[in-house]
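No lab work stands behind these numbers, since they all come straight from the coordinates. Keep in mind that what you see is a predicted model, and the values were worked out from it rather than measured. Every residue, glycine among them, receives a Cβ derived from its backbone with ideal geometry; neighbour counts consider all protein chains shown.
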Ligand SMILES: Cc1ncc(COP(=O)(O)O)c(C=O)c1O
């Protein structure tokens, strides 16, 4: 099954009052299989920020033993997920939330596998102090910068200062003064490979340049990861894991012999920002519905709500995309509004006021910050609701 129509969703979701968000399990299942195949033989860590629904996290772990562990995004979230029964948690971003880190220490004492992210002595010293007071040992992962610098172009993101193996060695040596910390993991996320599309419609020249830059950067990163492994091994540090990649880079990350596991998040829901890659195309599993409430002119409809703009640099690609029925488009002058969104309509399907129309978000997990529940849809079965993080009263910023 590779296509669903407007009528398919209208039929299955008849009786639900829009706005609502839905997750198409037929598509999610196909995305799971495609992503596992793209990851090759490596274990896949699930990026919770791109899911933000406990039920879906459980569903993914049940789907395959290749899914191993979560990449979490906040310390409070990590502690909450651990108390909800999840284990093998890699918090991918440094945190100074002492209450949440104390809660994580309690989970460590209870035997949970949790790693906290560090790229500086200040972060490490802070964690060591808390772990000491909490009489436990914290496992530490170093965040290795994976950007590539070219004349006039920083190809990558600004996160960790640990770019060269000498910097990694410098920091790793300092761990002798932090006895409550066990350094045994590395992460190197190549955002410029994973998060930058190389098959943008109508941008042939740019796509070509991006592909070339990516190809060059991938080789550079392979070498960087190897040198980091060698440097740490020279200090007697054995790595339990070296995490890399994301939805957009699985093919190349999985081929790096230093990487022991890859991360996947966005590919499960497959938001619009992941439509523009030459190596894959996943199915739009997560949608949201808005009700049509007025018709300002023939060929124009206005629906309630809709301004769910994705994070990151500002651009049209961060707007939601009306997708069903076909023939709907946003207006340049208004975009997606706070409480009303006008749409131009050129499709053949007759539309009725009160009926829902369907949109895709530009990013994955952010959709769940707008809705308390996701309606699960499979075939012709009656939809069932599951709570998002927000629906469970959880908001981690
Ligand atoms: C550290 C890290 N790893 C992996 C990913 C990839 O996640 P996704 O598959 O949702 O693109 C991200 C996304 O921003 C990230 O920050």
Practice item. Kindly establish whether residue 372 is touching a helix residue (DSSP H, G or I) at 6+ places or on another chain (Cβ under 7 Å) and surrounded by fewer than 17 Cβ atoms within 10 Å (Cβ to Cβ). Key: yes
Check your understanding: Which of the residues spanning region 285-318 are assigned to a loop (DSSP other than H, G, I, E, B) and in contact with a strand residue (DSSP E or B) (Cβ under 6 Å, 6 or more places away or on another chain)?
Key -> 285, 299, 305, 306
Exercise for review: Looking at (1) without any contact (Cβ under 8 Å) to a residue 12 or more places away in the chain; (2) within 16 Å of the ligand (Cβ to nearest atom); (3) surrounded by 17 or more Cβ atoms within 10 Å (Cβ to Cβ), find the lone condition where residue 158 falls short.
Suggested key: (3)
